[in-house]
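Bear in mind that the values in this text are calculations on the coordinates, not laboratory data. Keep in mind the model is a prediction, meaning the values are calculated, not measured. Positions of Cβ are backbone-derived with ideal geometry, glycine not excepted, and every protein chain shown enters the neighbour counts.
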Amino acid sequence: MTQGLCVRDSLDLSYNNSVQLNKIIDEKLPGRPKFTHTQVVVDGEVYHLYARDILECVQALWGDSDFVPYLFVAPERHYIDKDKTICMYHNMHTGKWWWSTQDTVEKDYPGATIVSIIISSDKTQLTVFGNKTAYPVYMTLGNIPKEIRRKPSRRAYVLLGYLPTSKMKNIKNKAAWCRVLANVFYACMTDMLAPLKTAGATGIPLTSGDGVTLRGHPIYAMFVGDYPEQFLVTAVKAGECPTCEVSRDELGEDLEETSFPLCDLEKILAALDTMDNGPTIYARACEDAGSKPIYHPFWEGLPYTNIFRALGPDILHQLYQGIVKHLIAWVKAACGEAEVDAHCRRLPPNHSIRLFMNGISDLNRITGKEHDQISRFLLALIIDVPLPGNASASRLVGAVRGILDFMNLAQYPMHTSETMAHMANGLKRFHENKSVFVDLGVREGFNLPKLHNTGHYPMYTKLFGTLNNCNTEYTERLHIDLAKDAYRSTNFNLKDEFPQMTLWLERKEKIFRHAKFIQWRPDGSPPPAAVEPLPPASSTSAA
């Protein structure tokens, strides 16, 4: 004890124990917004929501001095030729959504600055053994370059809240269970995003880290999530497209040849307004509009937001864990697992490819990274593979090459109208040759929502920039820092783990910020460096 006091006195510490240290952190260190506990009542049941004020989160990100040199405050058009005929898309501010929204807001509020809100939600497992889960909701700004947002160490994402994860065991009917689950989701998201209704329309003062104050309009621009999250957010039925009005029997059609009308937001909102006319009329109106009969979705009333145009394509789940997963299964069924594994064992060593010397047929729970590695040599496996009946492998090679070309082109960090044309040609080549899987008895049809959604990639690239603006791989990495590590810091009490997790996160953010401040002072308190994040050798036209 005496030795401990000597250490404290020699270091001149301002605290005697961990309780006093935590009190200093809580009361004296600045940090990001605090979490609040809200009780949300749905169908007479109480659910617990832990969330932050979204406007305070916007102000915290906008005011972070690390982002000052990089913030995009106006839409821009980038070209790769002197005549300005070939557009280039990369960050969100180069997309058409930002331009059209800027024009719309400027009509009523001249001098507005668009603050594009990106929301992501995804349930994650907290324990290896057991059933403890968390349902985090993340938020970031499209005004921050994607090169910064993709790095967890830059802290460009904010944990907006934890949604309830109640299993609702008292509800035995599956349809009723799904309906209540959706209603709880909408009620909680409505509570968190409600401040955007007024702030997005009229604007709020936002001060950046260099002291410049603008009138910003925080507008819900994009939702990032896997397919189950997308149809939950849009209230479309499972197995349907959350973007366009295609029937389930036509999901396998090539969108280049067969176009379908996009989901009509006004028609769906009109159907939701019939709720007071009785459950029968309401259910029929929602059915005719192509929506589930839900109670006030959170995007209802958000200014300048069309949820059916706000669904970012997901490279991880739609391509690697979706299309590539199906493609590997089709190739194994067409060529035989033994033949595919034999070809895997004969691949030559390569520095940029992982070799599967035991083959790929016995792999279980394949990750996105493993699907990425397999896709790099999948075409080589089938170049000279013998097919049943000595059939030619040319169509099989054409189909596989087409989808692999599309997948690689879709991940470009910058796109032009020319590269998007090449991307569309790759998908078209797949559709022209996909009948080989039917002829070989592998498939009966291709009505897969993830395959259909690839036809919308060029549209979303033009709207919001390249697809690495909205990859769920980034937010899934955040589960480690903002959910799993936070849970490991608790005493594993099943009743109050979320209050402990949120408090631990608040203290961690304060310590991180204070450490940066301590490092900044000895360096001479330099102002934010002027860094140009735009691609080189590109002519621009700003709004």
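Going by amide H atoms built from the backbone, whose H comes under 5 Å of the H on GLU45, apart from near neighbours?
none
In terms of modelled amide H atoms, which long-range or inter-chain residues lie less than 5 Å from the amide H of ILE353?
Amide H neighbours of ILE353: none.
Would you work out which of LEU265, SER291, ASN277 lies farthest towards the positive end of the dipole of the range 238-293, given +1 charges on the beta-carbon of Lys and Arg and -1 on that of Asp and Glu, about the Cα centre?
Value computed over the given set: ASN277.
So if each residue of separation counts as 0.36 nm, and I subtract the Cα-Cα distance between ILE366 and PHE517, what length gain in nm does that give? Display every interim value, and only then the final one.
Working: separation 151, 0.36 × 151 = 54.36 nm, distance 4.22 nm.
Once the chain is fully extended between ILE366 and PHE517, it gains 50.1 nm.
With +1 on each Lys and Arg Cβ and -1 on each Asp and Glu Cβ, and nothing else charged, work out how big the dipole of the range 315-468 is about its Cα centre, in Debye to the nearest 20.
I would put it at about 240 debye.
Give me the tail of P(r) for the range 1-154 as a percent: Cα-Cα pairs with distance above 20 Å. Show your work: numbers first, answer last.
Working: 8326 of 11781 pairs.
Of all Cα-Cα distances in the range 1-154, 71 percent exceed 20 Å.
Can you put PHE512, PHE406, PHE308 in order of Cβ neighbours within 10 angstrom, beginning with the fewest?
The fewest-first ordering by Cβ neighbours comes to PHE512, PHE308, PHE406.
Per residue of the range 165-177, what does 6.51 cos²θ - 1.76 cosθ + 1.60 with θ = phi - 60° give for ³J(HN,Hα)? Whole Hz please, x for Gly and Pro, Karplus curve as stated.
Per residue, the Karplus-derived 3J(HN,Hα) values read 10, 4, 7, 6, 5, 6, 9, 8, 6, 5, 5, 5, 4 Hz.
When a footprinting reagent is the concern and you count Cβ atoms within 10 Å, what order do CYS188, CYS87, CYS335 take, fewest first? Before the final figure, lay out each step's value.
Details: CYS188 26, CYS87 19, CYS335 22.
So the ranking, lowest neighbour count to highest, is CYS87, CYS335, CYS188.
Which Cα, out of SER65, CYS87, TRP97, lies furthest along the positive dipole direction of the range 53-98 (beta carbon charges, K/R +1, D/E -1)?
Projecting each Cα onto the dipole axis, the largest value belongs to CYS87.
Mind checking which aspartates and glutamates have their C-alpha under 19 Å from LYS484, skipping anything on the same chain fewer than 8 residues away?
Counting by Cα, and skipping residues close in sequence, LYS484 has these aspartates and glutamates nearby: ASP122, GLU473, GLU476, ASP496, GLU497, GLU506, GLU509.
For THR133, what residues show an amide H to amide H distance below 5 Å, using hydrogens built from the backbone and excluding near sequence neighbours?
LEU126
Quick one: 3J(HN,Hα) in Hz for the range 305-317, Karplus 6.51/-1.76/1.60 with θ = phi - 60°, rounded, Gly and Pro as x.
10, 10, 4, 7, 10, 10, 9, x, x, 10, 5, 5, 8
Given just the C-alpha atoms of the chain, how large is their convex hull per residue in cubic angstrom?
It comes to 211 Å³ per residue, whole-number rounded.
Which whole-Hz ³J(HN,Hα) couplings does the range 264-277 yield from phi under the Karplus relation 6.51 cos²θ - 1.76 cosθ + 1.60, θ = phi - 60°, glycine and proline marked x?
9, 5, 5, 5, 5, 5, 5, 5, 5, 6, 8, 4, 6, 8
Please state, to two decimals, what the Cα-based radius of gyration of the range 35-235 comes to when divided by 2.2 N^0.38 Å (N = residues).
Here the answer is 1.16, to two decimals.
I'd like the distance separating the alpha-carbon centroids of the range 15-62 and the range 354-385, in whole Å.
What the calculation gives is 45 Å, centre to centre.
To the nearest Å, what is the center-to-center distance of the range 286-314 and the range 78-116, using C-alpha atoms only?
The range 286-314 and the range 78-116 have Cα centres separated by 24 Å.
Leaving out same-chain residues fewer than 8 places away, which lysines sit with a Cα under 24 Å from that of LYS325?
Within the straight-line limit of under 24 Å, LYS325 reaches these lysines: LYS123, LYS237, LYS369, LYS428, LYS434, LYS450.
What GluC sites (Glu not before Pro) does the range 176-278 have in DSSP loop regions with at most 15 other beta carbons within 10 Å?
On the way: sites: GLU229, GLU240, GLU245, GLU250, GLU253, GLU256, GLU257, GLU266; in loops: GLU240, GLU245, GLU253, GLU256, GLU257.
Answer in residue order: GLU256, GLU257.
Would you please calculate the Kirkwood hydrodynamic radius of the range 49-131 over all C-alpha pairs and express it in Å, rounded to one decimal?
Here the Kirkwood hydrodynamic radius works out to 16.3 Å.
What are the semi-axes of the equivalent ellipsoid for the range 315-468, taken as the square roots of 5 times the Cα gyration tensor eigenvalues, largest first, in whole Å?
26, 19, 14
Taking the Cα centre as origin and putting +1 on Lys and Arg beta-carbons and -1 on Asp and Glu beta-carbons, what dipole magnitude results for the chain, to the nearest 20 debye?
Values: 58 positive and 60 negative charges, 271 e Å.
With Lys and Arg at +1 and Asp and Glu at -1, about 1300 debye.
Of ILE374, GLY216, GLY389, whose Cα points farthest to the positive end of the dipole of the chain (charges on the beta-carbon: +1 Lys, Arg; -1 Asp, Glu; origin at the Cα centre)?
Of the candidates, ILE374 comes out farthest on the positive side.
Only helical DSSP H runs with n ≥ 4 go in: add -39500 (n - 2.57) per run for the chain, normalise by residue count and round the 222 nm mean residue ellipticity to 500 deg cm²/dmol.
My calculation for the chain gives -12500 deg cm²/dmol from helical runs alone.
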